[in-house]
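I have placed the structure first, in the form of structure tokens, so that the comments after it can refer back to it.
The values are calculated or read from the model by the stated rules, or taken from the named source; none is laboratory data. The shown structure was predicted, so the numbers you read here are calculated from the model rather than taken from an experiment. Here the Cβ is made from the backbone with ideal geometry for all residues, glycine too, and neighbour counts use every protein chain on show. Only protein heavy atoms, including side chains, enter the accessible area calculation; ligands, DNA and RNA are left aside. Shrake-Rupley method; radii C 1.70, N 1.55, O 1.52, S 1.80 Å.
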Amino acid sequence: MATPGNVPPSLKADVWQHFGFKNCEDSEEPDKSKAVCKMCKMEVKHCGNTTNLRNHLTRHHPDILLAKTADTKQCSLEKAFAVKFESTSPRAQKITQSVATFICKDIRPYSVVENDGFQNLINTLEPRYVLPSRKHLSEVVIPNMYEKVKHDVTASLKSAERVAITCDSWTSRATDNYLTITSHHIDQEWRLVSHVLQTRTTEASHTAANLSEIMFKAIEEWELTNKNPVIVTDNAANMVRAVEITGWLHIGCFAHTLNLASQAGLKVPAVAQLLGRVRRIASFFHRSTVASRKLKEKQKILNLPAHKLVNDGVTRWNSTLEMLERFLEQQPAISAALLSPEVRRNDSNLCSLTEADITDGEDIVKALKPLKAATLVMSEEKSPTLSIIAPLHAQLLEKMISVSHDSSLIKDLKTAVYDNLKYVALKDKLYIASALDPRFKALPFLSKETCNNTFSQLVLEAAGLENVDTAISDGDTSEETVPDISLGGVDEVDYAPPIKRSKDSALIFLLGPAYSTKTTAPQKTPTQKAKEEVNRYRGVEPVALSEDPLIWWRDHEREYPLLALQAKQYLSIPGTSVPSERVFSTAGDIVTAQRSCLTPQHVDQLLFLQKNLTVSKNSLVHAVLYCVSPKHNSGFQKSCVRH
């Protein structure tokens, strides 16, 4: 078998790595007519090119060619990825939009694009993409995205029958005062749609005049003047007066009313004294590692849930109730832990509650639970809440009436809550809202006289809407009009443009009304139409409390067209200002200690986009999900599985 020799330097094709020329025994020059394969030592005829050599490799050594092809492709890919995208290329712009969406939806700082880990992540996903600077994001990308989404929100508001807005003020870590405004309406598909409209600084004092000016400007900016706006705020005097200045309908936040009533109950001296002892014990277990460890041991021995004790917050009355509920749940373990010598060594004056205290605590929880449930119901954003206020209010007042077996402590608590809960403004509007909710339309919480008066008022309002629609219809003029025909003006008929009539049609035009063979039904007045609708509506059985009233109206809109318009007017109004208050928690994540220097304009844009921006499921950055903190990853999780 031949042995391959050296290959002359002039032959540079890659195939010569696997071949050499046959050495001649009687000459120093190799025999170039035949090449020898270095792997199988087979001689292959060489005709001045490498075709035979490559054919040999393909036939006898295909793995060599595959490896070579893979190496070539790898080199080509590396060269391709070395070329970066232009910032104006569609691919780069799409990724930039995804990065901006990630920052807005998941509440990330602009500086995330400068973090080594994020840069490495993006480079792994798309090496050709160049991340924009934080300045470009904050001054170009985010503002452009804001303008686009603002256009979409404006278009959504224009299609609404009525728009209700909520507003509330808050203070950032940088001690800047802001006023956040949200909007709420029912769309054509009977879905409750909510938007955050704006978050603006209020440099002037929070007087009624200054607040009303901000409200006026917001209504004008978002073109809501003709949407019969309703403003929902808390019951603060400056807010109430500000809405009065605007002249629009004001709805007081019922959750705020519940909060004030509950706080009044908790401030009853005997209740406050009991809560003070519970608060002291809970705080002790939070700050003492020895007591906390002993509590865990006792929980395990007594087979109690391994729950930590709860400390209440100053502004949230329900946190006080949760503190008391958790204390009662863990009371056996707390008593056992406090009797431990190790714990008593740290605070010998601390002792658990007496049996009478425990009984009072249980009664307090029982008395306040309806208020907690009512607060949760009123905090709902996906279904109507204004219609719930009247029946809920009546039920709570009934629950707060003392009974004979109540202790003096509970009687005082219920009296305090009742006195702060009994007054609710605009009851007639609340009753109409409940009447338009198919769950509560029987109005069992009202007397028969008040119930009939409510539906009579509903008839008047529905008839008013019919009159408006009729006036609009009568005001429309058609381009095709019937000419004025006089008795001697036959020529006027022949030549009157643009309508041409035959002899029969002219006869019908002249004498049809007097000689008609059909009996015309008398035209019903708007009030008659509204009354018939209301009577038919009242005859239908109420739906279950678990049913969605908006779905019911979507299915029955054609049966009750006038009442359906009224339902959209009333059921779109939230019963609380909770939507604007919920923005505060998001704002707290945006205006953090590390980002307290954000300008008010950036705060407004980021809050607006966080609440209103729709996440694209095909966004490249969704693949980044598992490399970021799980706290705020809602903008990624939806489509990560697909990737």
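Computed values, structure above
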read-out: Subset tally (residues that are part of a helix (DSSP H, G or I), of a type outside the set (Ser, Thr, Tyr) and free of Cβ contacts under 8 Å to residues at least 24 places away in the same chain) for the stretch 30-68; value: 10
read-out: Residue that is most open to solvent (accessible area, probe 1.4 Å), among those in the stretch 224-247 that are outside any helix (DSSP H, G or I) and either farther than 30 Å from Ser156 by Cβ or without any contact (Cβ under 8 Å) to a residue 24 or more places away in the chain (or both); value: Gly247
read-out: Residue in the stretch 197-223 that is farthest from Asp176 (Cα to Cα), counting only those that are touching a Phe, Trp or Tyr at 6+ places or on another chain (Cβ under 8 Å) and in contact (Cβ under 8 Å) with a residue 60 or more places away in the chain; value: Leu197
read-out: Failed item in (1) open to solvent by 60 Å² or more (accessible area, probe 1.4 Å); (2) within 22 Å of Met400 (Cα to Cα); (3) hydroxyl-bearing (Ser, Thr, Tyr), with Thr320 passing the rest; value: (1)
read-out: Count of the stretch 170-194 residues which are touching a residue at least 40 places away in the same chain (Cβ under 8 Å) and in contact with a strand residue (DSSP E or B) (Cβ under 9 Å, 6 or more places away or on another chain); value: 13
read-out: Sole exception among (1) surrounded by fewer than 16 Cβ atoms within 10 Å (Cβ to Cβ); (2) modelled with pLDDT under 85; (3) assigned to a helix (DSSP H, G or I) for Val15, by number; value: (1)
read-out: Residue pairs meeting the criteria (Cβ under 7 Å; at least 6 apart or on separate chains; first farther than 13 Å from Ser288 by Cα and modelled with pLDDT of 75 or more, in the stretch 343-357; second aromatic (Phe, Trp, Tyr) and open to solvent by 90 Å² or more (accessible area, probe 1.4 Å)); value: none
read-out: Count of the stretch 158-172 residues which are open to solvent by less than 10 Å² (accessible area, probe 1.4 Å) and in a loop (DSSP other than H, G, I, E, B); value: 2
read-out: Some residue of the stretch 263-274 being surrounded by 18 or more Cβ atoms within 10 Å (Cβ to Cβ) and part of a loop (DSSP other than H, G, I, E, B); value: yes
read-out: Top-ranked residue of the stretch 390-406 - restricted to ones that are in contact (Cβ under 8 Å) with a residue 40 or more places away in the chain and in contact with a Ser or Thr (Cβ under 8 Å, 6 or more places away or on another chain), ranked as most open to solvent (accessible area, probe 1.4 Å); value: Pro391
read-out: Residue match in the stretch 183-201 (condition: within 20 Å of Pro574 (Cβ to Cβ), crowded, with 16+ Cβ neighbours inside 10 Å and among the aromatic types (Phe, Trp, Tyr)); value: yes
read-out: Which listed residue, of Ala442, Ala425, is surrounded by fewer than 20 Cβ atoms within 10 Å (Cβ to Cβ) and touching an Asp or Glu at 6+ places or on another chain (Cβ under 9 Å); value: Ala442
read-out: Breaking point among (1) on the phi > 0 side of the Ramachandran plot; (2) buried (at least 21 other Cβ atoms within 10 Å of the Cβ), for Thr175; value: (2)
read-out: Among residues of the stretch 191-211, those that are within 17 Å of the chain's Cα centre (by Cα) and assigned to a loop (DSSP other than H, G, I, E, B), counted; value: 1
read-out: Residues satisfying the stated conditions in the stretch 529-568, i.e. open to solvent by 40 Å² or more (accessible area, probe 1.4 Å) and part of a loop (DSSP other than H, G, I, E, B); value: Gly539, Val540, Glu541, Pro542, Ala544, Leu545, Ser546, Glu547, Asp548, Glu557, Arg558, Glu559
read-out: Residue satisfying condition, being surrounded by 13 or more Cβ atoms within 10 Å (Cβ to Cβ), without any contact (Cβ under 8 Å) to a residue 60 or more places away in the chain and over 23 Å from Leu409 (Cβ atoms), within set His307, His286; value: His286
